[in-house]
1. Working carefully through the options 118, 91, 125, find the one that is free of Cβ contacts under 8 Å to residues at least 60 places away in the same chain and surrounded by fewer than 17 Cβ atoms within 10 Å (Cβ to Cβ).
2. Does residue 95 satisfy the criteria of being at pLDDT below 95 and within 14 Å of the chain's Cα centre (by Cα)?
3. Quick one: would you say residue 111 is surrounded by 19 or more Cβ atoms within 10 Å (Cβ to Cβ) and over 13 Å from residue 72 (Cβ atoms)?
4. Just to be sure, is residue 75 assigned to a helix (DSSP H, G or I) and in contact with a helix residue (DSSP H, G or I) (Cβ under 7 Å, 6 or more places away or on another chain)?
5. When you check residue 105 against the structure, is it in a helix (DSSP H, G or I), surrounded by fewer than 17 Cβ atoms within 10 Å (Cβ to Cβ) and at negative phi, yes or no?
6. Which one of these is within 23 Å of residue 129 (Cα to Cα), at pLDDT below 95, part of a helix (DSSP H, G or I) and touching a helix residue (DSSP H, G or I) at 6+ places or on another chain (Cβ under 9 Å): 64, 31?
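The values are calculated or read from the model by the stated rules, or taken from the named source; none is laboratory data. It should be emphasised that the depicted structure is a prediction, and the values quoted were computed from it without experimental measurement. Every residue, glycine as well, gets a Cβ built from its backbone with ideal geometry; the counts of neighbours run over all protein chains shown.
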């Protein structure tokens, strides 16, 4: 998987000390994870057929992921993250809307891949305060 490879590539940058490599890798994982969460929560919302626990939960999850990604964007100011947020803003987040939400999710996925390809550790340093201490990593 392209995103996984990009995250793992940071481990082999010998110029950086171990702590910096770890922060970059975790920062990338946080941002990419939020984009993936937004993509798949949007798809799941479109697949929901009833206004029930599942549909409401995945719609709320998509909205929460968008808010968290917005806060990340405020810190890193990345054009691909901005594109992701603008794409999601066009979505009508409701059940039985698979056609539109799948198109939106495809565009979010594409922006996420572009982000993973272009991510720069210097921009991700702004995410350091959001990351858990290293002792909490699993």
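1. On the way: 91 fails: surrounded by fewer than 17 Cβ atoms within 10 Å (Cβ to Cβ); 125 fails: free of Cβ contacts under 8 Å to residues at least 60 places away in the same chain.
Sole residue among the options that is free of Cβ contacts under 8 Å to residues at least 60 places away in the same chain and surrounded by fewer than 17 Cβ atoms within 10 Å (Cβ to Cβ): 118.
2. Values: at pLDDT below 95: yes; within 14 Å of the chain's Cα centre (by Cα): no.
Taking the combined requirement at face value, the residue does not satisfy it.
3. Numbers: surrounded by 19 or more Cβ atoms within 10 Å (Cβ to Cβ): yes; over 13 Å from residue 72 (Cβ atoms): yes.
Yes.
4. Details: assigned to a helix (DSSP H, G or I): yes; in contact with a helix residue (DSSP H, G or I) (Cβ under 7 Å, 6 or more places away or on another chain): yes.
Yes: the conditions hold for residue 75.
5. Numbers: in a helix (DSSP H, G or I): yes; surrounded by fewer than 17 Cβ atoms within 10 Å (Cβ to Cβ): no; at negative phi: yes.
No: the conditions fail for residue 105.
6. Numbers: 64 fails: at pLDDT below 95.
Of 64, 31, the one residue that is within 23 Å of residue 129 (Cα to Cα), at pLDDT below 95, part of a helix (DSSP H, G or I) and touching a helix residue (DSSP H, G or I) at 6+ places or on another chain (Cβ under 9 Å) is 31.
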